[in-house]
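What follows is a short report on a single structure.
Nothing in this text is a laboratory measurement; each read-out follows from the coordinates by a stated rule. Predicted, not measured: the structure shown is a model, and the values here were computed from it. Counting neighbours? That spans all protein chains shown, and the Cβs are built from the backbone with ideal geometry, glycine included.
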Amino acid sequence: MNRTSGAILVLSGPSGAGKSSLINKIFNDIGSTYFSISTTTRSKREGEIDGVHYHFVSQEEFKREIDEEMFLEYALVHGNYYGTSLGPVKKALKEGKLVIFDIDVQGHDAVQNRLADITTSVFITTPTLEELKKRLLSRSTDSAEIIAKRLDMATREVQRISEYDYLIVNDDLDAAADVLITIAKAARMKIPTQQINEFVQMWAL
Ligand code: 5GP
């Protein structure tokens, strides 16, 4: 049965677990895809480009977008706002694309509440908290205080892994990428409830 619209793949997991590297690695192997660029009030890290990694905005601008109901979901993470704009997601879904979100556990919750029937979710993490700390320190983009906050957040997020469809322990990038490609291809095959109902209806005597 062919899908008539797109599907959603939610990726969550601690900063430093390798989500961005994984997405970049699999991007060309999973067909027509739209990677949702979030809006955030956090400051730009070195090497990040506005409109590519995030849309970087002020608190005032973010609050205006909340008031105008422009977000599919938004959350306060590590003291900064992060949100997913609804417009481009709707368009990509209409075009039949697989829409990928890199969002936290709160965002995942919100997406499941609104679009569970077309959503597949994956939690990606390092094998241990110690390994995560090593990676965040070697990335050297965050202060000691921010790293401590991220580690604290990671211990809390890991408690919610059971809310996800899949867990990828990213200790080998190639192996993790292979698993994620398989999941992304399957995510595309998820049929929305409405389409299933229409199919069932056709079988009515
Ligand atoms: P970072 O500051 O490391 O880029 O991201 C921090 C956290 O915010 C990550 O867990 C990331 O998944 C999450 N995040 C990024 N964009 C969004 C978003 O649009 N919504 C939500 N809920 N979380 C987001």
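Taking each residue as 0.36 nm, the span from GLN194 to ASP29 lengthens on full extension beyond its C-alpha to C-alpha distance by 56.6 nm. Taking a straight line from the alpha carbon of LYS90, these lysines sit under 18 Å away, with near neighbours fewer than eight places off in the same chain left out: LYS190.
First select every other residue whose beta carbon is under 12 angstrom from the beta carbon of ALA176; then total the charges, Lys and Arg +1, Asp and Glu -1. Write down the numbers at each step before the final one.
Numbers: positive: LYS19, LYS25; negative: ASP171, ASP172, ASP174, ASP178.
Its environment carries a net charge of -2.
The overall shape of the range 125-205, judged from the alpha-carbon gyration tensor, is prolate: a/c is not under 1.5, and a/b is greater than b/c.
Find how much the distance from MET70 to SER162 grows on full extension, using 0.36 nm per residue of separation minus their present alpha carbon separation; answer in nm with one decimal. It would help to have the intermediate numbers written out before the result.
Values: separation 92, 0.36 × 92 = 33.12 nm, distance 2.95 nm.
Contour length minus Cα-Cα distance gives 30.2 nm.
How big, on average over all directions, is the shadow cast by the Cα convex hull of the range 89-163, in nm²?
Taking a quarter of the hull surface, the average projection is 6.3 nm².
Taking a ≥ b ≥ c as the square roots of the eigenvalues of the Cα gyration tensor of the range 1-61, is the shape rounded (a/c under 1.5), prolate (a/b larger than b/c) or oblate? Prolate, since a/c reaches 1.5 and a/b exceeds b/c.
Taking amide H as placed 1.01 Å from N in the peptide plane, the amide H of SER121 sits under 5 Å from that of VAL10, ASP165, TYR166, each at least 5 places away or on another chain.
Summarising the amide proton neighbourhood of THR33: residues at separation of 5 or more, or on other chains, whose placed amide H is nearer than 5 Å comprise LEU98.
Note on GLU61 and GLU95: their simple-model spin labels are 2.3 nm apart, each label 7 Å out from Cα toward Cβ. Taking only the Cα atoms of the range 6-103, the radius of gyration and Dmax are 13.6, 39 Å.
Given that compact globular proteins tend to follow 2.2 N^0.38 Å, what is the ratio of the alpha-carbon Rg of the chain to that value?
1.06
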